[in-house]
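**Q** Handing you this structure, nothing more for now.
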Amino acid sequence: MSNLVTKLITEDSGRKPDIRGTILDDRVLALEFSEKVIVDFVYGQPAGGRGMIPLPFRNKNKLQLFVSYGELFHEYEMIRIIYSVNNSKYVKTADYPLSNDNIFV
């Protein structure tokens with residue numbers, strides 16, 4: 001356990017980064033942030049359900065989510081992104097409701 005790295009989640013009343021999405025193909029969505037962030041985790045809240053489900057993703061120049069557009073907007077109410085800025089030892093959370101598509105324009 002000595003190799004375990006932990007980060008504290010901060011309660012930040014500041015503004016969350018804006019995101020803009022692109023559909024790369026039928027199973028991959030790309031998200032770009034308005035500021036430079038390092039994404040640690042991405043979760044989805046199921047529609048009509050409780051709890052959060054980890055969503056498969058990969059960090060490259062853009063965050064790549066391995067879900068289809070239809071799956072994301074029909075099966076989830078919200079996505080939660082846990083991220084850090086400038087490789088900080090603290091992480092922040094940002095919730096993005098999926099009730100209307102203001103991400104993929």
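The values are calculated or read from the model by the stated rules, or taken from the named source; none is laboratory data. Model, not experiment: these values are computed from the prediction. No Cβ is skipped: glycine too gets one built from the backbone with ideal geometry, and neighbour counts run over all protein chains shown. Keep in mind that these areas ignore ligands, DNA and RNA; they rest on the heavy atoms of the full protein, side chains included. Shrake-Rupley method; radii C 1.70, N 1.55, O 1.52, S 1.80 Å.
**Q** How much FRET efficiency would the formula 1/(1 + (r/R0)^6) give for residue 89 and residue 53, where r is the Cβ-Cβ distance and R0 is 35 Å, rounded to 0.05?
**A** Values: r = 27 Å, r/R0 = 0.77.
Computed FRET efficiency for residue 89 and residue 53: 0.85.
**Q** Leaving out ligands and nucleic acids, note down the accessible area per residue over segment 20-97 with a 1.4 angstrom probe, in whole Å².
**A** Numbers: 4530 Å² over 78 residues.
Value for segment 20-97: 58 Å² per residue.
**Q** Shifting gears a bit: At 1.4 Å probe size, with the rest of the protein present, what percent of the exposed accessible area of segment 20-97 is carbon and sulfur atoms? Kindly include the intermediate steps, with their values, before the conclusion.
**A** Numbers: 2220 of 4530 Å².
Its accessible area is 49 percent carbon and sulfur atoms.
**Q** Computed from the mean reciprocal separation of all distinct C-alpha pairs, what Kirkwood hydrodynamic radius does segment 20-97 have, in Å?
**A** Values: mean 1/r = 0.0777 Å⁻¹.
Taking the inverse mean of 1/r over all distinct Cα pairs, segment 20-97 comes out at 12.9 Å.
**Q** What is the sum of charges, Lys and Arg at +1 and Asp and Glu at -1, for the other residues whose Cβ falls under 10 Å from the Cβ of residue 31?
**A** Values: positive: 20, 62; negative: 32.
Result for the local shell: +1.
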